[in-house]
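The structure appears right after this line, and notes come after that.
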Amino acid sequence: MRHLVMNYLGEHHIRAISASGRDQVAGLLVREEPNLVILDLRLGQEDGLDLLREIRSHSDVPVIITTGHRRDEIDRVVGLELGADDYMTKPFGLRELLARIRAVLRRREAGQAAVQRDQERGRCRFGGWQLDRRIRRLTDSSGIPVALTKGEYALLLAFLDAPQRPLSREHLLQATRIHEDVFDRSIDVQVLRLRRKLETDPNAPRVILTERGVGYVFALPVEAL
């Protein structure tokens, strides 16, 4: 399968390198600095999720994970939560794999462009909160930094770019790049987590309001600094 995938990608002008074990992967990541990794979670006797954790501990390279059967759904969910960018279930078509590779790389480029825009936009204020996009730092009214996960930060940016406007779940899913096939209400979980950090009482929210039948509204005005 590795040779089949490599040959197919080569025919489409994508240089690919294969590895058959964890030690080989670690070396290739250092020497080759790949633009993308396709990781089979079933690495013989090895645990692909452990390797994914190891990759994410020192690299943000895009990762597409592959699993063997539908019953491996829990591994797919864990893999995505650990930072995988997409997944495919075997057997899969090589044309679909190529399409997913190109889509992930496009999202990567768009994400890097967004980071550049964030750095150019600088700081903003909403309520007693301040966000410095140049260093991705959120502080409360006392100036104390509040840590945000990658998903929470992306969700907050989506709200700050469209304050006091109803945003659909589909819009927020796309903006935060959460994989839509995992579970339908995943954006609700992200909103709940962000509320716990922004709201005085998450059970009676006043910052992120639920817009019934639509999605959510960021209720506070946002001021550029």
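The values are calculated or read from the model by the stated rules, or taken from the named source; none is laboratory data. Computed from a predicted structure; not experimentally measured. Please note: Cβ atoms are built from the backbone with ideal geometry, for glycine as well, and neighbour counts cover all protein chains shown.
When GLU33 is tested against (1) within 18 Å of ASP85 (Cα to Cα); (2) modelled with pLDDT of 90 or more, exactly one condition is not met: (2). Regarding ARG133, is this residue closer than 25 Å to GLY122 by Cβ, more than 15 Å from the chain's Cα centre (by Cα), buried (at least 17 other Cβ atoms within 10 Å of the Cβ) and not hydrophobic (A, V, I, L, M, F, W, C)? Judged against the criteria, ARG133 is a match.
Can you name the residue in the stretch 1-14 that is outside any loop (DSSP other than H, G, I, E, B) and of a type in the set (A, V, I, L, M, F, W, C) and, of all such residues, is farthest from the chain's Cα centre (by Cα)?
Applying the first criterion (outside any loop (DSSP other than H, G, I, E, B)) to the stretch 1-14 yields 2-11.
If we keep only those that are of a type in the set (A, V, I, L, M, F, W, C) as well, we get 4-6, 9.
Numbers: LEU4: 29, VAL5: 25, MET6: 26, LEU9: 25 Å.
Out of the qualifying residues, it is LEU4.
Collect the residues in the stretch 207-220 that are assigned to a loop (DSSP other than H, G, I, E, B), surrounded by fewer than 17 Cβ atoms within 10 Å (Cβ to Cβ) and at pLDDT 95 or above, keeping them in residue-number order. Matches in the stretch 207-220: ALA219 only.
Does ARG169 satisfy the condition of being out of contact with any His (no Cβ under 7 Å at 6 or more places or on another chain) and at pLDDT below 95?
Details: out of contact with any His (no Cβ under 7 Å at 6 or more places or on another chain): yes; at pLDDT below 95: yes.
Here the answer is yes, as ARG169 does meet what is asked.
Go through GLY48, GLY68, GLY128 for me and flag whichever is in contact with an Asp or Glu (Cβ under 7 Å, 6 or more places away or on another chain), modelled with pLDDT under 85 and not aliphatic (A, V, I, L, M). Lay out the reasoning, then the answer.
Numbers: GLY68 fails: in contact with an Asp or Glu (Cβ under 7 Å, 6 or more places away or on another chain); GLY128 fails: modelled with pLDDT under 85.
Unique residue meeting the criteria: GLY48.
Applying the criterion of being at pLDDT 50 or above and not in a helix (DSSP H, G or I) to the residues of the stretch 175-200, the residue that is farthest from LEU155 (Cα to Cα) is THR200.
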